[in-house]
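*Asks:* Provided herewith is a single structure, encoded as structure tokens, for subsequent inquiry.
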Amino acid sequence: NYFWTLGTLLVVGSAYVSLQYLNDNWRLLVAFCSLPCFVSACVAHIYVPESPRWLITTGRMDEAVTILRHAAMQNGMDESRAMDLFPEGTRIRDISEQQREVGARTSSSTS
């Protein structure tokens with residue numbers, strides 16, 4: 001909740017400075033308010049990994065397995081158990097194609 005409070009105070013302070021001292025420059029207020037979003041988007045792009053599901057659908061299986069191992073270790077599993085869960089050479093099948101085909105067959109047979 002402290003970030004919410006800090007953000008609210010930041011908006012009020014930015015509004016006061018930009019509207020009082022910078023000749024009613026509302027565009028600068030909008031720029032000030034967009035900076036935290038821009039910074040957090042850049043940080044997230046660097047530090048947040050891609051979704052394993054998306055990686056699998058794009059054919060990047062090795063990266064998906066690496067991220068799943070890392071997530072298992074972040075959730076308290078030791079490294080050896082994470083490696084046992086996803087051993088070297090693990091291949092994950094993309095079943096989304098099969099699901100779409102089954103769905104297409106099902107919908108065409110009911111029509």
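*Asks:* Which of the following residues is exposed (fewer than 14 other Cβ atoms within 10 Å of the Cβ) and at pLDDT below 85: Leu6, Leu22, Leu28?
*Replies:* Just a single option satisfies the conditions, and that option is Leu22.
*Asks:* Anything in the range 40-97 that is assigned to a loop (DSSP other than H, G, I, E, B), of a type in the set (Val, Ile, Thr) and touching a residue at least 12 places away in the same chain (Cβ under 8 Å)? List them, or say none.
*Replies:* Across the range 40-97, the qualifying residues are Thr90, Ile92.
*Asks:* Considering each residue of the range 51-81, count those that are within 14 Å of Ile92 (Cβ to Cβ), of a type in the set (D, E, K, R) and open to solvent by 90 Å² or more (accessible area, probe 1.4 Å), and give that number.
*Replies:* So the count comes out to 2.
*Asks:* Related question: Quick test of your reading of the structure: Tyr47 fulfils all but one of (1) closer than 27 Å to Thr90 by Cβ; (2) open to solvent by less than 100 Å² (accessible area, probe 1.4 Å). Name the failing condition by number.
*Replies:* Evaluating Tyr47 over (1) closer than 27 Å to Thr90 by Cβ; (2) open to solvent by less than 100 Å² (accessible area, probe 1.4 Å) leaves (2) as the failure.
The values are calculated or read from the model by the stated rules, or taken from the named source; none is laboratory data. No experiment lies behind these values; they were computed from the predicted model shown. Ideal geometry is used to build each Cβ from the backbone, glycine not excepted, and the neighbour counts take in all protein chains shown. Side chains are part of the model used for accessible areas, which takes the heavy atoms of the whole protein and leaves out ligands, DNA and RNA. Shrake-Rupley method; radii C 1.70, N 1.55, O 1.52, S 1.80 Å.
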